[in-house]
Amino acid sequence: CQLYSSAVAGGCERTLVAVKPDGVQRRLVGEIIKRFEQRGFTLVGLKLLQASEGILAEHYHDLRRKPFYPALLRYMAAGPVVAMVWEGHNVVQTSRAMVGDTDSSQAKPGTIRGDLSVHISRNVIHASDSVEGAEREISLWFHSGELISWETSDQSHLFQG
Ligand code: UDP
Ligand code: MG
């Protein structure tokens, strides 16, 4: 998206999105990918993995003193996760808006959590909350060789001028 970044608001960014184990179990992977594709973002990395305790501890390092932290790590290790990197203008902020509030009961209808999640501790999806956080998380979950930069043919139609 670098090519047209001067034509639209928001920088060309990448963010880490993960479908959590409850989302994978509930067959929500396709629904979640569909929402990011339809919003015009570009998939640059994708894998199914069983997250190790090491990667989860690093990922949620800032939350290590929270009372829910041990349960959070057990939940995230309970089954496979689908990790993705999405690219696009302002993708970090926009994907947080698409994901919705952490607490399912507060998440607005139309958001992924507002439509699909059932509880704050089973909230289906992760998305990075800042550009710096996204860079850190992407390098934690992906090797650089697993990410593919590719020219999408719709960019000239989306960002003319
Ligand atoms: N979480 C939880 N209980 C809480 C708060 C958070 O189980 O009271 C879990 C939940 O899975 C959440 C994750 O911890 O998505 C990370 O918390 P954060 O505040 O970063 O929320 P997020 O960025 O995912 O919206
Ligand atoms: Mg967070």
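Listing for the model above:
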quantity: Length-normalised contact order of the chain in % [C-alpha pairs under 8 Å, at least 6 apart]; calculated: 36 percent
quantity: Mean separation of Cα contacts under 8 Å, 6 or more apart, over the residue count of the range 54-147: relative contact order %; calculated: 24 percent
quantity: For residue 121, distant residues with modelled amide H under 5 Å away; calculated: none
quantity: Two-site FRET efficiency, residue 159 against residue 115, from Cβ-Cβ distance with R₀ of 22 Å, rounded to 0.05; calculated: 0.15
quantity: Computed FRET value (nearest 0.05) for residue 57 with residue 129, which takes r as the C-beta separation and R₀ as 25 Å; calculated: 0.85
quantity: Amide hydrogen neighbours beyond the local backbone of residue 107, cut-off 5 Å, H modeled; calculated: 101
quantity: Rg [Å, one decimal], Dmax [Å, integer] - the chain, C-alpha atoms; calculated: 15.7, 51
quantity: Distance histogram for the range 93-134 (every C-alpha pair counted, 10 angstrom bins, percent rounded to whole numbers); calculated: 36, 51, 13
quantity: Whole-Hz couplings from phi, Karplus 6.51/-1.76/1.60, listed for the range 95-100; x for Gly and Pro; calculated: 5, 4, 5, 5, 6, x
quantity: Amide H partners (placed H, <5 Å) of residue 147, local residues excluded; calculated: none
quantity: Exposure of residue 118 as accessible area (Å², to 10), given a probe of 1.4 Å and all protein chains; calculated: 110 Å²
quantity: Chymotrypsin sites (Phe, Trp or Tyr not before Pro) within the range 17-100: DSSP coil, no more than 13 neighbouring Cβ in 10 Å; calculated: 68
quantity: Over the chain: helical MRE at 222 nm, DSSP H runs n ≥ 4 each giving -39500 (n - 2.57), nearest 500; calculated: -9500 deg cm²/dmol
quantity: Proximal aspartates and glutamates relative to residue 20, as straight alpha-carbon distance under 14 Å, when same-chain residues fewer than 8 apart are discounted; calculated: 31
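The values are calculated or read from the model by the stated rules, or taken from the named source; none is laboratory data. Just so we're clear, the structure is a prediction, and the values are computed from it rather than from any experiment. With ideal geometry, Cβ positions are generated from the backbone for all residues, glycine too; neighbour counts draw on all protein chains shown. These area figures cover heavy atoms from the full protein model, side chains too; ligands, DNA and RNA do not enter into them. Shrake-Rupley method; radii C 1.70, N 1.55, O 1.52, S 1.80 Å.
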